[in-house]
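Have a look at the structure below before the remarks.
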Amino acid sequence: MAARPKTKTKAKAKKTTRTGLRGGTSVRAGGRDTSAKTAANGPGLLARLEQGPVICAEGYVFELERRGYLQAGAFVPEVLFDHPEVVEQLHMDLVHAGSDVTEALTYYVHREKLRVIGREKDLVPMNRAALAIAKKVARRTGTLFAGDLCNTNIYDPADKSSIREVERIFAEQVGWAVEAGVDYFVAETIAWLGEALLALEAIRKHAKVPAVITFAIHREPLTREGLTPAEACRRLEAAGADVVGINCHRGPSTMLPLIKEIRAAVNCHVAALPVPYRTTAEQPSFMSLTDPYRGDGRAFPVGLDPFVCTRQEIFDFGREAYGAGIRYLGVCCGAGPHHIRALAESLGRHPPASRFSADMSRHAFFGTDRKIRKIQTDYQVKL
Ligand SMILES: [Zn+2]
């Protein structure tokens, strides 16, 4: 499991590319697609990362729950059948806001999750629906088309039958995504190194595209086996992952210190996709946040609104992460298009949605434009 599987691209791996990142970090691109135009609309993921940052919007299930098309709890995207046009529009909104990637909404469309809600028979068509919608948007917009694997919730290192089932889940989801022609894979929100290695193994065995593997780190700053994220990422890189890092669960302030440790521990590109919530040293994950206005009850998942990061906080996160040499950036559960736009702008970009970024100079009371009447601006102090 630990060795990089032999693939047809092995010869290319000798053509190692080194790129200086800010902070003096050197990056070894994994030997897949660094120069090849593997994406239908331009350079592939690794080539784009060599040129600069790549933004990947995530957290679709949280946004669809807020919009009223998905139930919190199981978080299975049944909306793929009920309202595919809503999923398509969400993808479009996030690209409009600056995402470079359209990720198939196959998060929690694996057989274990569908078993929990009694919809196993929909496994194949639901995966294919998610892939078809994302591919349509990706090819229309020139964004990368990513396949998605995620936490299975059944992985148990002491239970061989659970491991076989996890392997089956990953293998079949990789297979459907390969048939759909994904440009690369994301395996995300995984808390066990062992499970992450199984996801990577499935991608390496059944696909020939890059693999981005991101851990979800809960309250303890360790994987479920007890490894530091830096050590776990180092082992993932050694096993052949192209990009490693952390997504979900932690907000910017409690994710960044761990990300910097990962950056120092690996040679490959690093990913950071926090949730947009104000997590703290005492409550470092969004599942651990408690709300003092609600009797210190757990805020997750539908009471997190008071903790949402501002656009400026996400902008600051983008600046700091990129300055630390992190090139694969995004925002996970809780992110809205405004967060993705703020992230894009932190990297000096001007996505289409930036046409409507705030301009208070024309505000009725706070404006500085000469067309704003003095009777209004004088009243500022009383607002
Ligand atoms: Zn998430």
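The values are calculated or read from the model by the stated rules, or taken from the named source; none is laboratory data. No experiment lies behind these values; they were computed from the predicted model shown. So basically every Cβ, Gly included, is an ideal-geometry build from the backbone, and we count neighbours across all protein chains shown.
Selection of first residues in the stretch 335-350 that are among the acidic types (D, E) and assigned to a loop (DSSP other than H, G, I, E, B) and of second residues that are buried (at least 20 other Cβ atoms within 10 Å of the Cβ) and modelled with pLDDT of 95 or more, restricted to Cβ pairs under 7 Å at least 6 apart or on distinct chains, gives an empty result. Residue-level analysis places P301 outside the set of residues that are more than 12 Å from P276 (Cβ to Cβ) and in contact with a strand residue (DSSP E or B) (Cβ under 9 Å, 6 or more places away or on another chain). The single residue among A47, A57 that is small (G, A, S), closer than 27 Å to Y322 by Cα and in a helix (DSSP H, G or I) turns out to be A47. Taking every residue in the stretch 241-260 that is closer than 17 Å to T189 by Cβ and pairing it with any residue that is of a type in the set (K, R) and assigned to a helix (DSSP H, G or I), at least 6 positions away or on another chain, yields no pair with a Cβ-Cβ distance below 7 Å. The requirement of being part of a loop (DSSP other than H, G, I, E, B), of a type outside the set (K, R) and away from the ligand (no atom under 15 Å from the Cβ) is fulfilled somewhere in the stretch 302-310, by at least one residue. On the basis of being on the phi > 0 side of the Ramachandran plot and in contact (Cβ under 8 Å) with a residue 60 or more places away in the chain, does G325 make the cut? Answer is yes for this residue. I'd like the residue in the stretch 61-79 that is closer than 14 Å to R119 by Cα and in a loop (DSSP other than H, G, I, E, B) and, out of all such residues, is nearest to the ligand (Cβ to nearest atom). Per the criteria, the residue is F75.
Any idea which residue in the stretch 255-288 is farthest from L49 (Cα to Cα), counting only those that are more than 14 Å from the ligand (Cβ to nearest atom) and part of a strand (DSSP E or B)? Of everything passing the filter in the stretch 255-288, V270 is farthest from L49 (Cα to Cα).
Against the numbered list (1) more than 16 Å from the ligand (Cβ to nearest atom); (2) in a loop (DSSP other than H, G, I, E, B); (3) in contact with a Lys or Arg (Cβ under 9 Å, 6 or more places away or on another chain), E220 comes up short only at (3).
Selection of the stretch 233-254 for residues being under 18 Å from V54 (Cα atoms) and either among the hydrophobic types (A, V, I, L, M, F, W, C) or within 16 Å of the ligand (Cβ to nearest atom) (or both) yields A241, V243, V244, G245, I246, N247, C248, P252. Scanning the stretch 170-201 for residues that are more than 16 Å from the ligand (Cβ to nearest atom), buried (at least 21 other Cβ atoms within 10 Å of the Cβ) and not in a helix (DSSP H, G or I) yields a total of 5. When A74, A129, A134 are checked against the criterion of being more than 19 Å from the chain's Cα centre (by Cα) and crowded, with 20+ Cβ neighbours inside 10 Å, a single residue qualifies: A129. Of the residues making up the stretch 318-345, those that are touching a strand residue (DSSP E or B) at 6+ places or on another chain (Cβ under 8 Å) and hydrophobic (A, V, I, L, M, F, W, C) are A321, I326, L329, V331, C332, I340, L343, A344.
Could you tell me whether the stretch 202-216 includes any residue that is in contact with a Phe, Trp or Tyr (Cβ under 8 Å, 6 or more places away or on another chain) and assigned to a strand (DSSP E or B)? Scanning the stretch 202-216, I find at least one residue that is in contact with a Phe, Trp or Tyr (Cβ under 8 Å, 6 or more places away or on another chain) and assigned to a strand (DSSP E or B), so the answer is yes. Of all residues in the stretch 82-90, none satisfies being touching a Cys at 6+ places or on another chain (Cβ under 6 Å) and not acidic (D, E).
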